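What follows is calculated from the coordinates using simple rules that are stated; it is not laboratory data. The structure displayed is predicted, hence computed values, not measured ones. We place every Cβ from the backbone using ideal geometry, glycine too, and count neighbours over all the protein chains shown.
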Amino acid sequence: MRIALSIAAVFLVMNLATFVAYGGLSLFVGLEPPAEGSPGQFFVSVLVVKLGVAGAFVALYYVAREIWSARWILYAVIWWASFSIIEIGQAIAPGYSWMDAMGGILAEAIYFPLAAVVTRRVLGPGKTLSASRESH
């Protein structure tokens, strides 16, 4: 139950941060959603991607929470760095602008640290490595 709650909370954080980041860029620099496809199709695709990322983020944290609990900011930075590289790679390819990539990098800089805090609070710190070794 705690895992599902954590995934839902992270999913919410990711979508709110994405809305704020891209909304701000739309307001201040005129960033627009992709022209191809319907807005609804684009929105659903973003939700599906964020759900997958939220699930992976929480699952990986959960199986190694003894390691990441005290290093949650490092966990968030690793996720942010990897997704920033993905954004840059997408911007190099056709059909994705550097402004789109900057929106993604900004959103991820907001939501990965918040997601780590939420996940740590919902799932708890887990056993320490020394405590789990002593129990075996």
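Ordering ARG65, ARG71 from the fewest to the most neighbouring beta carbons within 10 Å gives ARG71, ARG65. Extension gain for MET99-VAL20 works out to 27.0 nm (0.36 nm per residue, less the C-alpha to C-alpha distance). Its DSSP H runs of at least 4 residues, each contributing -39,500 (n - 2.57), put the calculated 222 nm mean residue ellipticity of the chain at -27500 deg cm²/dmol, to the nearest 500. Our summary of shape: the Cα atoms of the range 21-136 have principal axis extents of 58, 25, 23 Å, ordered from largest down, in whole angstrom. Electrostatic tally near ALA101: other residues with Cβ closer than 15 Å to its Cβ, Lys and Arg +1, Asp and Glu -1, net -4. Treating only the Cβ atoms of Lys and Arg (+1) and Asp and Glu (-1) as charged, compute the dipole magnitude of the chain about its Cα centre; round to the nearest 20 debye. Magnitude of the dipole: close to 700 debye.
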